[in-house]
Amino acid sequence: MIPKRVLITGASGLVGTKLTEMLMQEGIDVIHLGRSAKKKQVPSFIWDIQHGVIDEEALKGVDAIVHLAGAGVADKRWTEKRKQEIRESRTRSTQLLVEQLKKTNHQVKTFVSASAIGYYGFEGDEVCTEASKPGSDFLASVVKDWETEIDKVQELNIRTVKIRIGIVLSKRGGALAEMAKPVRWGVGAALGTGKQYMSWIHIEDLCRMFIYALRNEQLQGAYNGVGPYWVTNKELTTAIAKVLKKPLWLPPIPGFVLNLMLGEMADLVVKGSKVSGRKIVEVGFTYTHPNLEEALTSLLSNRKPQT
Ligand SMILES: NC(=O)c1ccc[n+]([C@@H]2O[C@H](COP(=O)([O-])OP(=O)(O)OC[C@H]3O[C@@H](n4cnc5c(N)ncnc54)[C@H](OP(=O)(O)O)[C@@H]3O)[C@@H](O)[C@H]2O)c1
């Protein structure tokens, strides 16, 4: 079934902005639910997650929800307060949606939520599939709690899909923009040992995955939102330098330096995991950007359209 009207939460972010464009190009009505309604190109409704308030009109005519909202994991140092915000922006927002779905006479048939490969923890050499156990670090516990709330949507007989998103490559922000900056300045370097695995995905493919999940009724449960293969941090940094035609001459930045600079948040860059994207491919999904160098060229080269 093709949804006609899709409500996106956290739509002002990296993924939501691109997904909104792609859904609109397909002629699907998009509406946003966020913390403010300023400067929006589509109808927008407001919620206040902390106070459990949501605009009653938000679900009107909506047949599918895409849930992306969550405080940026890499935006600020992980103080106890920030950690609580990272967790509650995801768990409480999902709870609020569930409460609203319970008390409203709605037509929502499909719920596709962001989740994250952080679910698996940092697994080193083991390949993580959707059947793998959750990890035990901070991010893994956040994602596990988040998914527990997402699963409550399925209990309302709404088809629910969780996309466990990997490292999203986009020109507009996120990991690639941060990694490309020093490389452009000629001071790029691998991080930590450089051997940690990075399970990447091109933003266009990630958004196509969300659209695939919205459309295909056989999809339900968790799917890894990653590309067809992972690389090491060093391989990714080297590929960025190659595409930008910049030299990479500095030694890797040691993990202890990153720990001093970032605290516990350094885990995001000095650790990694090998995550398999096979499950979604087995139900028919195909990638537009399966090759890392081509994906980077499409994002970093000035001659190609910006994504
Ligand atoms: N990008 C990645 O590499 C990646 C990897 C794994 C998982 N994910 C997950 O995928 C989702 C979308 O990713 P993204 O890169 O688009 O994230 P993003 O750019 O940080 O956007 C997330 C959006 O969530 C809303 N938000 C921010 N802080 C919030 C808070 N305290 N309470 C409630 N809402 C808040 C904001 O939308 P409004 O201002 O409109 O409310 C924001 O634009 C996120 O949940 C993220 O954790 C992303």
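Just to be sure I understand the curve: with the Debye formula and one point per C-alpha of the stretch 129-280, what is log10 I(q)/I(0) at q = 0.15, 0.16, 0.19 Å⁻¹? The Debye formula, applied to the Cα set alone, gives -0.87, -0.96, -1.23.
Working from the Cα coordinates of the chain, the gyration tensor eigenvalues give, after taking √(5λ), semi-axes of 32, 21, 19 Å in decreasing order.
Using only Cα atoms, locate the centre of the stretch 233-307 and the centre of the stretch 163-195, then give the distance between them in Å, rounded to an integer. Comparing the Cα centres of the stretch 233-307 and the stretch 163-195, I get a distance of 5 Å. Quickly work out the S36-to-Q84 label distance, labels modelled 7 Å from Cα along the C-beta direction, and quote it in nm with one decimal. So the two model labels end up 2.4 nm from each other. What the Kirkwood sum gives for the stretch 96-173 is a hydrodynamic radius of 14.1 Å, with every pair of different alpha carbons counted. Three principal axis extents describe the C-alpha atoms of the stretch 80-215; from largest down they are 57, 31, 31 Å. Can you pull out the GluC sites (Glu not before Pro) in the stretch 121-195 that DSSP calls coil and that have at most 14 other Cβ atoms within 10 Å? Here the GluC sites (Glu not before Pro) that fit, given the DSSP loop and packing criteria, are E126, E155. Straight Cα distances below 18 angstrom link K162 to the lysines K109, K133, K144, K152, K279, with same-chain residues fewer than 8 positions distant left out.
The 1.4 Å probe gives accessible areas that order H32, H106, H51, largest first, as H51, H106, H32. Computed from Cα atoms, the angle from the helix 233-244 axis to the main principal axis of the chain rounds to 90 degrees.
Take the Cα of T193, go 7 Å toward its beta carbon, and the backbone nitrogen atoms of the stretch 219-233 under 13 Å from that spot belong to 232-233. Full extension of the chain between S301 and Q95 yields a length gain of 70.0 nm, computed as 0.36 nm times the residue separation minus the alpha carbon distance. Computed 3J(HN,Hα) for the stretch 137-149, one whole-Hz value per residue from the Karplus formula 6.51 cos²θ - 1.76 cosθ + 1.60 where θ = phi - 60°, is 7, 4, 5, 4, 5, 5, 5, 5, 4, 4, 5, 4, 6, glycine and proline marked x.
With a 1.4 Å probe and all protein chains kept in place, how much accessible area does K152 have, in Å² rounded to the nearest 10? My reading of the accessible area for K152 is about 80 Å². Here the stretch 64-99 and the stretch 3-23 have alpha carbon centers that stand 17 Å from each other.
The values are calculated or read from the model by the stated rules, or taken from the named source; none is laboratory data. Only a predicted model underlies this, so the values are computations on that prediction, with no experimental measurement involved. All Cβ positions, even for glycine, are placed from backbone atoms using ideal geometry, and neighbour counts span all protein chains on display. Side chains are part of the model used for accessible areas, which takes the heavy atoms of the whole protein and leaves out ligands, DNA and RNA. Shrake-Rupley method; radii C 1.70, N 1.55, O 1.52, S 1.80 Å.
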